[in-house]
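What follows is a short report on a single structure.
The values are calculated or read from the model by the stated rules, or taken from the named source; none is laboratory data. For clarity, every value in this text was computed on a predicted model and none was experimentally measured. Because the Cβ atoms are built from the backbone with ideal geometry, glycine has one as well, and the counts that use them run over all protein chains shown. We work out accessible area using only protein heavy atoms, side chains counted, and drop any ligands, DNA or RNA first. Shrake-Rupley method; radii C 1.70, N 1.55, O 1.52, S 1.80 Å.
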Amino acid sequence: MDYWNYAEYAAWGVSALLGLLIIFDWLRTDSTYSEDVLTSSREGEVEAVAEKHKL
Amino acid sequence: MAVAEAAGAVPHTERVSLLRVLGPAHVWALGVGIVLVGEYMGWNFAVGKGGAYAALVACWMAGLLYTCVAMIDSEVTSTVAAAGGQYAQAKHIVGPLMAFNVGLFLVFAYTMLEAGNAITVGFLVDTVAKMAGHEGVDQRPFIVLSIMFLAWLNYRGVLATLTFSLVITAFAFVAILVLFFAVQPWSADSPLRHAELITKELPYGWLGVLAAMHFGLWFYLGVEGTTQAAEEVRSPSRALPYGTMASMMTLAIAATLTWYICAGLMPWEYLGQAGVPLFDAARLTGSTLLMWLLGIGTLFATLASANGCINDASRAWFSLGRDHYLPAWFGAVHPKYRTPYRSIIFLVPVAMLFALQVPLDQVITFSILSGLLGYTFMPINMIMFRKKWPLDTIKRGYVHPMHPLPALVLIALCGLTYFAVFLGYGTQLIAMMTFYIVVSLWFHFWRYRFVKRSDQFTMPWPRPNGY
């Protein structure tokens, strides 16, 4: 085992940790907020208030 | 809402949308960041196809193609400022079936490019390990780590993601400039030897120039991704044209300098198959400092590209979900980080699968083909946009000059590039076209029934001419 072998194990470990962080937050968010809220984004909101496209 | 509240969910009455925090510099970072890796590696296969001068012709022809793309994109996106970029443009200007296809072109082009970048990170780690005297590094953990780290960054917020891209992209670009000044082209002591190294002007004739176009795209592939930031910039009509055109100018400079340095330091026979040509050029100068600079630049350019690809692919997938072209579940926005978090998560295993299972050249070819299909849509889109909504009907953030010349040039160059790709990867081209025909049939005969047709068209524009 040399430095590069340790680096391989570290890369696997950090990847797994980041994956777990994402999955944990994903599940917590989905169980905290309703689906209506999470999917409430609508296209064109800025158009309604700022970008009128009037000449 | 009632079910969720009964289950202890937090009541929330406001809409959760993507966060408008980006400026022109972030748009520049997105455009240049995705592409600059092409200067560090990949473009040089054009030299192998047709020689050094063929690669230069391809570089400038592709530059012309992408200048048309940037001008067209800037005009339409400064008017259709929505996540999804060209997908949203197609939806408003051409129609749902075109939009569905364009959305998929975008997702495939960026996800495949992300996979290609992750493979490259593994290759770079292996190269460094070999230089340090260690043979046989397992590349897989580094491929997985690059995807996971950048997905996590994207998940946590767009401002941090693109600020990270801005820093590493600027570093990679400055590294090319430093190398150019270090070789002192104006000096008699310069190590550049173009006249001695380019022994044959066009070793495979003009057919070689045509074949080189395939990899000529490499100098600029992905710059059109700036449009994906449309819903997250503070001022779309200002930031998108500025950011996109500045990206194109930066890339034209970087591409030409890259060719000039590499063609003057390496014989074209070697350059045509080199893995990391700019890094090799730095090594040939004999400067350890330049070697480190360009080595880190190569890694940064690769990470910036993968980072931008995750950003862009997830916005396109999110937009498809939000309009019910795909399950609406993908159209969710994270209430705290304000990112399309489910789309980001969904595309992680897809990118990982391709990065770990498919060879680099195949992954890249799928990316190029999807990109090329997207570019073919743009001139059609532009001509229809000007016809349906002439300049005196709606205000644009930017009006591109000489219409319809850029659209016609773009469609001609796309035709030329299809032929170039067909010469090298005809089977993949046909397989890709078949795939898009099959999914189009699925969308037309099945999926479109779930789309809320009246909700799709969100722009407060007047009725189009002729309707």
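Structure notes:
- Qualifying residue in region B:382-390 (condition: assigned to a helix (DSSP H, G or I) and free of Cβ contacts under 8 Å to residues at least 60 places away in the same chain): yes
- Among the conditions (1) open to solvent by 40 Å² or more (accessible area, probe 1.4 Å); (2) at pLDDT below 95, B:F346 misses just one, which is (2).
- Here B:Q456 passes the criteria (1) within 14 Å of chain A (Cβ to nearest Cβ); (2) within 14 Å of B:I72 (Cα to Cα) except the one numbered (2).
- Residue within region B:381-394 that is touching a Gly at 6+ places or on another chain (Cβ under 7 Å) and among the hydroxyl-bearing types (S, T, Y) present: no
- Just so you know, in region A:23-34 the residues that are within 7 Å of another protein chain (Cβ to nearest Cβ) and in a helix (DSSP H, G or I) include one that is nearest to the chain's Cα centre (by Cα), and it is A:W26.
- The residue that is nearest to B:A332 (Cα to Cα), counting only those in region A:11-22 that are open to solvent by 80 Å² or more (accessible area, probe 1.4 Å) and more than 7 Å from every other protein chain (Cβ to nearest Cβ), is A:L20.
- Test: residue in region B:316-327 that is out of contact with any Cys (no Cβ under 7 Å at 6 or more places or on another chain), part of a helix (DSSP H, G or I), open to solvent by 10 Å² or more (accessible area, probe 1.4 Å) and within 30 Å of B:R447 (Cα to Cα): yes
- Of all residues in region B:430-453, those satisfying the criterion of being of a type in the set (V, I, T) and either open to solvent by 100 Å² or more (accessible area, probe 1.4 Å) or more than 14 Å from chain A (Cβ to nearest Cβ) (or both) are B:I430, B:T434, B:I437, B:V438, B:V439.
- Residues of region B:301-321 that are facing another protein chain (nearest Cβ under 9 Å) and either farther than 22 Å from A:T29 by Cβ or touching a residue at least 40 places away in the same chain (Cβ under 8 Å) (or both): B:F318, B:S319.
- Test: B:F108 is more than 10 Å from chain A (Cβ to nearest Cβ) and assigned to a helix (DSSP H, G or I): yes
- Scanning region B:169-193 for residues that are part of a helix (DSSP H, G or I) and loosely packed, with under 13 Cβ neighbours inside 10 Å returns B:V174, B:L177, B:F181.
- Test result for B:F123, at the interface with chain A (Cβ under 10 Å from one of its Cβ atoms) and in a helix (DSSP H, G or I): no
- Residue list for region B:328-343, filter: more than 7 Å from every other protein chain (Cβ to nearest Cβ), open to solvent by less than 30 Å² (accessible area, probe 1.4 Å) and within 10 Å of A:S41 (Cβ to Cβ): B:P340
- Residue pairs whose Cβ atoms lie under 6 Å apart, sitting 6 or more positions apart in sequence or on different chains, and linking a residue in region B:218-240 that is under 15 Å from B:G308 (Cβ atoms) and within 14 Å of chain A (Cβ to nearest Cβ) to a partner that is hydrophobic (A, V, I, L, M, F, W, C) and assigned to a loop (DSSP other than H, G, I, E, B), are B:A230/B:A81; B:A230/B:A82; B:E232/B:L18.
- Any hit, region B:285-295, residues being closer than 25 Å to B:A212 by Cβ and part of a helix (DSSP H, G or I): yes
Listed here are the residues, each with its yes/no results for (1) open to solvent by less than 10 Å² (accessible area, probe 1.4 Å); (2) more than 14 Å from every other protein chain (Cβ to nearest Cβ).
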| position | (1), (2) |
| --- | --- |
| B:A29 | yes, yes |
| B:M41 | no, yes |
| B:Y66 | yes, yes |
| B:H92 | no, no |
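- Residue in region A:1-17 that is nearest to B:D126 (Cα to Cα), counting only those that are over 30 Å from the mean Cα position of the chain (by Cα) and among the hydrophobic types (A, V, I, L, M, F, W, C): A:W4
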